[in-house]
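First comes the structure, then the notes that go with it.
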Amino acid sequence: MTQPNNTDPSGKRKMSEMISEMAAGFLGAGNTIEERQNRLNAACSAWNLACGSPEVRQRQLEQYREGYLRSNPGTSPTDLANIIKDMESLIARKLNLFPDDHRQIISARVITVGNGFRIEVASTTLP
């Protein structure tokens, strides 16, 4: 018996498919490849945050907020609140759609394909 091309031999779905489903609409909102890459990075961060316990997740979300402000000091409080709201929404979608998948995303990139794009994701299972 052969595996369909779109599945992992372990029986788990491809991470790129899962991230695309989790972040549907969010990823496509970027108008440029750079904006889409930034949105993919945020979606992958949200995925990884969702894999932790609620306590760890809250602490890591605060660290994400602080790191975002360090990298983007001109961000208004309203924009920062919207960014954190997006992250919380992505985390909730991951927990709802894939609660038992705890693989961590180690890299992801957006690749232009014709007029569209696709994503490539590399993940690992932590002990």
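Things worth noting here:
- Put a dot 7 Å past the Cα of GLU120, heading toward its Cβ, do the same for LYS85, and the two dots end up 3.6 nm apart.
- Radius 13 Å from Cβ of ILE33, net charge of other residues (Lys, Arg +1; Asp, Glu -1): +2
- Percent accessible area from carbon and sulfur atoms, the chain, protein chains only, probe 1.4 Å: 50
- Residues of type aspartates and glutamates that LYS85 reaches as a straight line, Cα spacing below 13 Å, ignoring anything fewer than 8 places off in the same chain: GLU62
- Net charge dipole, the chain: roughly 120 debye, given to the nearest 20, about the Cα centre with Cβ charges of +1 for Lys and Arg and -1 for Asp and Glu.
- Listed residues LYS12, LYS85 arranged by accessible area, highest first, probe 1.4 Å: LYS85, LYS12
- When the surface is traced with a 1.4 Å probe over the full set of protein chains, PHE26 keeps roughly 40 Å² accessible.
- Using a probe of 1.4 Å on the protein chains alone, the accessible area found for GLU88 is around 90 Å².
- LYS94, LYS14, ranked by accessible area, largest first (probe 1.4 Å): LYS14, LYS94
- Peptides ranked, highest mean first, by Cβ atoms within 10 Å: ranges 68-77, 46-55: 46-55, 68-77
- Helix-derived mean residue ellipticity, 222 nm - over the chain, DSSP H n ≥ 4, -39500 (n - 2.57), to 500: -17000 deg cm²/dmol
- The share of C-alpha pairs in region 19-72 whose separation exceeds 12 Å stands at 68 percent.
- Heavy-atom surface of the chain, accessible at 1.4 Å and reported per residue (Å²): 62
- Probe 1.4 Å - accessible area at ARG13, Å² to nearest ten: 90
- Across the alpha-carbon set of region 29-125, the Rg to Rh ratio works out to 0.98, Rh being the Kirkwood radius.
- When the residues ARG93, ARG57 are ordered by accessible surface, computed with a 1.4 Å probe over the protein chains alone, the sequence from largest down reads ARG93, ARG57.
- Toward the positive end of the charge dipole of the chain, with +1 on the Cβ of Lys and Arg and -1 on the Cβ of Asp and Glu, the farthest Cα among MET15, THR75, ASN38 is that of MET15.
The values are calculated or read from the model by the stated rules, or taken from the named source; none is laboratory data. Values in this document were obtained by computation on a predicted structure and should not be read as measured data. For neighbour counting, all protein chains shown are included, and Cβ atoms are generated from backbone atoms with ideal geometry for every residue, glycine included. To get the accessible areas, we keep the full protein, side chains included, count just its heavy atoms, and leave off ligands, DNA and RNA. Shrake-Rupley method; radii C 1.70, N 1.55, O 1.52, S 1.80 Å.
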